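Below: the structure, in structure tokens.
Read-outs throughout are calculated quantities, based only on the coordinates presented, and are distinct from any laboratory measurement. As the structure is a computational prediction, the values presented were derived from the model and not from experiment. Neighbour counts are summed over all protein chains in view; Cβ atoms, including those assigned to glycine, are modelled from backbone coordinates with ideal geometry.
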């Protein structure tokens with residue numbers, strides 16, 4: 001049996017319920033960021049400010065943000081990105097980068113986007129004079145803005161400014177400037193809360209090659225986000241440990257047969273093995289690219305082509321090595337009637353995270369496939385840097 005493991009994040013039961021209005025506000029704010037619009041963010045002390053995504057920011061957006069707030073903006077990036085820029089030591093969280101003068105959109109792009117240099121750092125002599133880096137608190141506006149960009153599947157960076165000299169409520173300020181308002185604490189709790197709203201919305205029999213007695217159940221969160229799927233092979237008995245595989249979607253590997261990873265082999269091999277053993281469930285989770293999304297995964301591939309491994313590539317972009325969460329998997333298993341699994345995996349983190357989410361892992365079932373010549377370095381990195389058991 002695999003025991004619970006310590007974690008820096010709060011367990012699901014520690015997160016206060018979020019009402020539907022708060023969840024809609026976060027959802028609408030992510031859409032606004034993707035459109036390049038500014039959003040208003042309220043912190044726990046009632047202060048308010050505005051943020052725009054670095055990735056989708058227009059050239060004149062910084063000046064508009066200054067006019068909107070009356071304050072000089074900062075660039076909020078992850079600690080990982082600040083480390084790559086050699087502005088901070090190793091760690092997690094969010095860092096605010098500021099200048100004695102007003103930051104420009106071009107400078108924000110150069111600092112946040114690793115496309116400017118193969119190793120993701122700034123070109124020699126290009127770092128702005130007087131640049132200061134300050135670690136931010138978890139409940140800060142800067143941390144919330146970066147988390148919101150993550151939720152929007154954008155680069156994890158934002159330009160943020162406080163509303164200078166504002167009196168009155170955050171809602172009044174946001175309404176005055178026609179901005180969507182979202183609370184920092186709701187952004188922080190969003191992922192956990194959305195998992196609580198997962199519901200089975202459709203199920204049908206889908207005979208598969210080599211596994212004809214198969215059905216697929218779709219689970220949708222109330223925010224209208226992407227569905228997670230349960231591929232149920234045979235007739236597993238509810239209440240008993242089920243043979244299970246957690247598989248994160250991989251467009252390039254699962255659908256196109258990419259040789260850069262082993263995802264397609266793992267997907268088809270797991271279904272075949274479950275069918276051979278008689279029954280089980282494969283959870284197909286909507287968290288492409290270890291949770292950073294397809295676009296960012298393609299960016300990571302470009303960085304890997306310059307000689308970096310998959311862990312380095314994610315961190316150069318400003319992400320953690322693995323951004324996936326397994327709360328949806330645990331919730332789906334519970335709704336399917338399972339609280340214990342025989343887990344098909346080589347990843348020890350999946351064992352720890354499922355246990356932490358209340359699912360008992362009674363056995364680890366190895367799930368190994370040979371390298372193909374294109375993914376040898378990738379598999380070696382998973383073993384040496386992520387602890388995968390091959």
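As a proxy for reagent exposure, ranking 104, 143 by other Cβ atoms within 10 Å from fewest up yields 104, 143.
Counting other Cβ atoms within 10 Å as a rough exposure proxy, the listed residues 85, 294, 97 run 294, 85, 97 from fewest neighbours to most. Only helices enter this figure: runs of n ≥ 4 DSSP H residues, each worth -39500 (n - 2.57), summed and divided by the residues of the chain, yield -10000 deg cm²/dmol at 222 nm to the nearest 500. Which FRET efficiency value, to the nearest 0.05, is calculated for residue 171 and residue 199 with the Förster distance at 22 angstrom and r the Cβ-Cβ distance? The formula returns an efficiency of 0.10 here. Between helix 294-304 and the chain, what is the angle of the helix's C-alpha long axis to the longest principal axis, kept within 0 to 90° and rounded to the nearest 10? It is inclined by approximately 90 degrees. Reported value for region 12-193: 116 Å³ per residue, from the convex hull of its C-alpha atoms. Can you tell me the relative contact order of the chain? Whole percent, Cα pairs under 8 Å, sequence separation 6 or more. Across the chain, relative contact order equals 18 percent. Rounded, prolate or oblate: which one fits region 239-300, using the alpha carbon gyration tensor with axes a ≥ b ≥ c (rounded when a/c is under 1.5, else prolate when a/b beats b/c, else oblate)? The shape class here is oblate. Quick one: Cα centre-to-centre distance for region 67-87 and region 253-327, in angstrom? The distance from the Cα centre of region 67-87 to that of region 253-327 comes to 29 Å. The residue 256 and residue 20 beta-carbon pair, evaluated with R₀ = 45 Å, returns a calculated FRET efficiency of approximately 0.75. To the nearest ten degrees, helix 327-336 and the longest principal axis of the Cα atoms of the chain are 40 degrees apart.
Residues 62, 237, 194, 52, arranged from fewest to most other Cβ atoms within 10 angstrom of their Cβ, appear as 237, 194, 62, 52.
For the chain, the longest principal axis of the Cα atoms and the long axis of helix 184-196 meet at an angle of about 10 degrees. Just checking the listed ones, 178, 113, 45: in the Gaussian network model of the chain with Cα springs under 10 Å, the one fluctuating most is 45.
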